[in-house]
1. Averaging sequence separations of C-alpha pairs under 8 Å and six or more residues apart, then dividing by the length of the chain, give the relative contact order as a whole percent.
2. Express in whole angstrom the spacing between the alpha-carbon centres of region 183-221 and region 84-107.
3. To the nearest 10 square angstrom, how much accessible area does ARG282 have with a 1.4 angstrom probe?
4. How big is Rg to Rh over the chain, alpha-carbon atoms, Rh as the Kirkwood inverse-mean-distance radius?
5. So for region 174-253, averaging the separation of alpha carbon pairs under 8 Å that are six or more residues apart and normalising by length, what relative contact order in percent results?
6. Order 296-302, 216-222, 92-98 from most to least packed using the mean count of other Cβ atoms within 10 Å.
7. May I ask you to compute the full-extension gain from ARG209 to LEU64, defined as 0.36 nm times their residue separation minus their alpha-carbon distance, rounded to one decimal in nm?
8. Would you kindly state how much longer the chain becomes between GLU283 and HIS172 on full extension, computed as 0.36 nm times their sequence separation minus their alpha carbon distance, in nm to one decimal?
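The values are calculated or read from the model by the stated rules, or taken from the named source; none is laboratory data. For clarity, every value in this text was computed on a predicted model and none was experimentally measured. Neighbour counts run over all protein chains shown; Cβ positions are idealised from the backbone, glycine included. With ligands, DNA and RNA removed, areas are computed over all heavy atoms of the protein, side chains included. Shrake-Rupley method; radii C 1.70, N 1.55, O 1.52, S 1.80 Å.
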Amino acid sequence: EILRRCMAEDDPGDIRHWLADTLNRMGGGDENAVMTWPESFDLVDTMLKQYEETAAMPEGERRLLSWPWSSWNNLIDPLEDGMLGVITAPDGQGKTIYAESISEYWAAHKNRVVFVHYELSRKLMMLRRTARHTSITTRDLKSGHLTQEQMQRIASVRPRLLAWDGCITYVHTPGWSMERTTAELEKLHNEGQCDVVVLDYLEKASASRRQLQMFGSNTYQREADNVEQLKIFSESTSVPVLMVAQMSKVGKQTGFDAVDRSGMRGAGEKSDKANLVVLLKRERIGEGYSNEVEVLVDKNTMGATGTFKQIMQPEFYRVGDIAKARL
């Protein structure tokens, strides 16, 4: 079958996915799959010791996947190994701003982050990052008429961010299938460059040949398959994944008081596989949106759910807290 697929010049990612799927169905080969009853108590002791050692460290030395804002930390524990989190919102709500801000916070706290971006170009990603850290709008950055003071602010960003104990690897993936994306993530993980993945955004992944053969034009089944692939990668490598997902048409038209995670496109598979689902909503004001963000933690296997408000500076791609969480 391998030879047949090679002679037919099947996509290498499809061949790799078929091999992995076939080996999984055969069973065996994973010495870590089974944990005995006595071993489960040993694991608890080891975990508690690790938590104790982490708590004893100065905060600046901890390597945790906590959150940049106290409102989030009040409700949500840090992401653990193999967990899948989802941030979802309608178009234009600032999902990518959240993804960028969380990625940079994690990188500043000793984590090697892989930021997968299917849509935004590298140039635009770097303009947004520079605006966030200098308070200079992207329009001014592109004007070609920066003041000396603005140039000094820009120059100060490089040494400050390079001094972080972690880093971000940007992977631009326009037209990539999820098979190709997870293959690249596994490569980076094997090279020691991937502690956590942030993916922006799920629905932009292209269909592979395998998916077209299996699902045809059924977009929701293909997206569900993409989530399954991400979850398998996350659990098999113990690498947490935070992905951005789009709202469905119904979710976009529903008021925030009535909206929940069922408003995501292809919500069933995404919600079932996710350990964390966070919804964002900004009210429409005239031709634009309010800078106030309603945040709903709708699913949280790590703790409580609830709602709270934050403030966004979209011109600088920044988010901050304005109120405490309401449980």
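1. Working: 525 pairs, mean separation 76.8, N = 327.
After rounding, I find 23 percent.
2. If you average the Cα positions of each part, the centres end up 18 Å apart.
3. Its accessible surface works out to 20 Å², give or take rounding.
4. Working: Rg = 21.0 Å, Rh = 21.5 Å.
Result for the chain is an Rg/Rh of 0.98.
5. On the way: 70 pairs, mean separation 34.9, N = 80.
For region 174-253, the relative contact order is 44 percent.
6. Details: 296-302: 18.6, 216-222: 14.0, 92-98: 20.9.
Per-residue mean Cβ counts within 10 Å order the peptides as 92-98, 296-302, 216-222.
7. Details: separation 145, 0.36 × 145 = 52.20 nm, distance 3.80 nm.
Length gained between ARG209 and LEU64: 48.4 nm.
8. Details: separation 111, 0.36 × 111 = 39.96 nm, distance 3.07 nm.
Between GLU283 and HIS172, full extension yields an extra 36.9 nm.
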